[in-house]
Amino acid sequence: MMFGAETFHVAMAEIVVGTMVLATVCAVGCASIRYIPVSEDRRESLMITMDKASIAGASMALFFMPIAILSGNLAADSVVGNALLYNKFVYSGLALGFWAAFVVGRIRMGPGIWEVRNLSLLQSVTAVMAFLMTTMASSIGGKLVRGESLFDVLPIWFPSDSAVVLPIWASAALLVIGLAASLVVFKLGPRAERISLD
């Protein structure tokens with residue numbers, strides 16, 4: 001039996017989803033730990049553990065996600081031109097962006113990000129949105145391969161059966177604008193100060 005692109009893609013996708021579940025659960029845990037009635041020492045210990053697990057899970061997912069996207073492209077040769085496939089890549093790109101924002105925010109601000117209520121909420125919402133985008137991409141993958149998806153149990157289906165495909169010049173223009181915006185934020189914007197835990 002040969003090892004095919006489909007099998008490799010499933011393995012990579014499972015690694016990505018598993019690490020993202022860990023990162024999301026821990027991010028939400030970090031944001032809500034202040035509302036759990038435990039001792040201060042226990043709370044701090046849990047916060048440090050969940051913070052490390054969330055950044056490790058998100059970083060590992062970021063590493064494996066491009067591999068999962070590329071292997072999915074190889075595995076989907078027979079459905080090229082399918083609107084579901086286009087939308088799968090859109091949701092994968094959104095997930096990649098949200099997870100990159102989560103990791104960059106945590107690294108730039110430090111572990112003290114969870115001590116500032118607004119930043120903590122933003123960080124956990126970013127993780128949840130990233131997970132939802134990943135779940136949507138996975139669901140579309142299920143529709144492509146097996147004809148069923150995780151969202152089939154819901155009374156609605158997210159709009160993914162049709163897609164708007166931009167011409168190459170528009171895609172290139174959006175890429176340049178996105179890169180320029182990132183450069184402006186990181187190089188010309190105010191420097192973020194790390195937030196200490198004390």
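The values are calculated or read from the model by the stated rules, or taken from the named source; none is laboratory data. All values reported here derive from a predicted model rather than from experimental measurement. Don't worry about glycine lacking a Cβ; one is built from the backbone with ideal geometry, like all the others, and counts go over all protein chains shown.
Remarks
- Count of residues meeting criterion [of a type in the set (S, T, N, Q) and within 13 Å of Gly18 (Cα to Cα)] in region 33-74: 2
- The selection criterion, being in a loop (DSSP other than H, G, I, E, B), out of contact with any Pro (no Cβ under 6 Å at 6 or more places or on another chain) and at pLDDT below 80, does not hold for Phe151.
- Every residue from region 58-103 that is among the small types (Gly, Ala, Ser), modelled with pLDDT of 85 or more and buried (at least 20 other Cβ atoms within 10 Å of the Cβ): Ala58, Ala61, Ala95
- Pairs meeting the criteria (first residue in region 1-30 and over 16 Å from Ala130 (Cα atoms) and β-branched (Val, Ile, Thr), second residue surrounded by fewer than 17 Cβ atoms within 10 Å (Cβ to Cβ) and modelled with pLDDT under 85, beta carbons under 9 Å, at least 6 apart or on different chains) are Val10/Val145.
- Among the residues listed as Gly29, Gly57, Gly72, Gly18, the single one being in contact with a His (Cβ under 7 Å, 6 or more places away or on another chain) and not acidic (Asp, Glu): Gly72
- Which listed residue, of Ser196, Ser171, Ser138, Ser160, is surrounded by 10 or more Cβ atoms within 10 Å (Cβ to Cβ), of a type in the set (Ser, Thr, Tyr) and at pLDDT below 70: Ser160
- Test set (1) within 18 Å of Ser120 (Cβ to Cβ); (2) at pLDDT below 80; (3) assigned to a helix (DSSP H, G or I) - Ile55 fails condition number: (2)
- Scan of region 8-57 for residues that are under 21 Å from Glu115 (Cβ atoms), among the acidic types (Asp, Glu) and surrounded by fewer than 16 Cβ atoms within 10 Å (Cβ to Cβ), ordered by number: Glu40, Asp41, Glu44
- Residue check, Val104 without any contact (Cβ under 8 Å) to a residue 12 or more places away in the chain and either out of contact with any Pro (no Cβ under 6 Å at 6 or more places or on another chain) or not in a helix (DSSP H, G or I) (or both): yes
- Qualifying residue in region 82-89 (condition: free of Cβ contacts under 8 Å to residues at least 60 places away in the same chain, over 17 Å from Lys143 (Cα atoms), in contact with a helix residue (DSSP H, G or I) (Cβ under 6 Å, 6 or more places away or on another chain) and not aromatic (Phe, Trp, Tyr)): no
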